[in-house]
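I have placed the structure first, in the form of structure tokens, so that the comments after it can refer back to it.
The values are calculated or read from the model by the stated rules, or taken from the named source; none is laboratory data. Everything quoted here is computed from the prediction, not taken from an experiment. Quick reminder, even Gly has a Cβ in these numbers, built from the backbone with ideal geometry, and neighbours come from all protein chains shown.
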């Protein structure tokens, strides 16, 4: 198959009536879609086992393997392919059962070409949404970034942005900010901040004076209104608290 076919949605059309199969396969522009066909349930299962499809148009009333059986087998190996059921009025109950098994929609035969195209486009949109969701769930969080509201800290690079604007922080200021964010919602006393960020011992009075200076500088760079800080707050008798 040409390499460019990978860029087109791949469809499988399954129907045991040759005329219907021919008509359905010609509903789709070959420049936009890669279309395979199967003339019965067994053939469709073979195709499904060897190919990945974004969309399957599946006739229910087939023998000896029915459309419901094909759908059941499909769901054992693939939960992502979107399925549109093709059914006659006499098999409407089976179509409803197919929806319970995870089919996207059903169409009453013979369906107008424009309806088939419209529903197929909607089904492919659902497939794309499902792919994005699956990708987001499988992607591990980026532990190199520490995010709190509009503040983003890049830990390996020790850079920071607030509301998408870079903050010019010293190494000490970055460490203090990182420690406050990681400790929230627990306030940290100045002495504890000195121990965690500077790594040396001092008296509580010395720590208070040292942190007062650094916190003042941080507020000037970070707070929208440094005189009324809403992110780095002073908690009486406890220390400093980061608030998102």
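Against the list (1) surrounded by fewer than 14 Cβ atoms within 10 Å (Cβ to Cβ); (2) at pLDDT 90 or above; (3) in contact with a strand residue (DSSP E or B) (Cβ under 9 Å, 6 or more places away or on another chain), the condition residue 32 fails is (3). Taken as a whole, the structure places residue 178 among residues that are without any contact (Cβ under 8 Å) to a residue 40 or more places away in the chain and either assigned by TED's automatic domain parsing to the domain that holds residue 231 or under 32 Å from the mean Cα position of the chain (by Cα) (or both).
Taking the criterion of being part of a helix (DSSP H, G or I), outside the structural domain of residue 55 (by TED's automatic domain parsing) and within 36 Å of the chain's Cα centre (by Cα), would at least one residue in region 141-161 satisfy it? Checking region 141-161: not a single residue is part of a helix (DSSP H, G or I), outside the structural domain of residue 55 (by TED's automatic domain parsing) and within 36 Å of the chain's Cα centre (by Cα).
As a summary of the residue check, residue 226 satisfies the conditions (1) under 22 Å from residue 149 (Cβ atoms); (2) in a helix (DSSP H, G or I); (3) touching a helix residue (DSSP H, G or I) at 6+ places or on another chain (Cβ under 7 Å) except for the one numbered (2).
When residue 220 is tested against (1) surrounded by fewer than 17 Cβ atoms within 10 Å (Cβ to Cβ); (2) within 38 Å of the chain's Cα centre (by Cα); (3) without any contact (Cβ under 8 Å) to a residue 60 or more places away in the chain; (4) part of a loop (DSSP other than H, G, I, E, B), just one condition goes unmet, and that condition is (4). Selection of region 50-68 for residues being in a loop (DSSP other than H, G, I, E, B) and either closer than 18 Å to residue 79 by Cβ or in contact with a strand residue (DSSP E or B) (Cβ under 8 Å, 6 or more places away or on another chain) (or both) yields 51, 52, 53, 54, 60, 61, 62.
If the condition is being surrounded by fewer than 19 Cβ atoms within 10 Å (Cβ to Cβ) and either at pLDDT below 90 or part of a helix (DSSP H, G or I) (or both), then region 186-202 contributes 192, 195, 196, 198, 199, 200, 201, 202.
In region 112-124 there is no residue that is closer than 15 Å to residue 14 by Cα and more than 30 Å from the chain's Cα centre (by Cα). The test for being touching a helix residue (DSSP H, G or I) at 6+ places or on another chain (Cβ under 9 Å) and either more than 22 Å from residue 131 (Cβ to Cβ) or not assigned by TED's automatic domain parsing to the domain that holds residue 130 (or both) holds for residue 97. In region 111-124, the count of residues that are in the same structural domain as residue 78 (by TED's automatic domain parsing) and either farther than 30 Å from residue 86 by Cα or outside any helix (DSSP H, G or I) (or both) is one or more.
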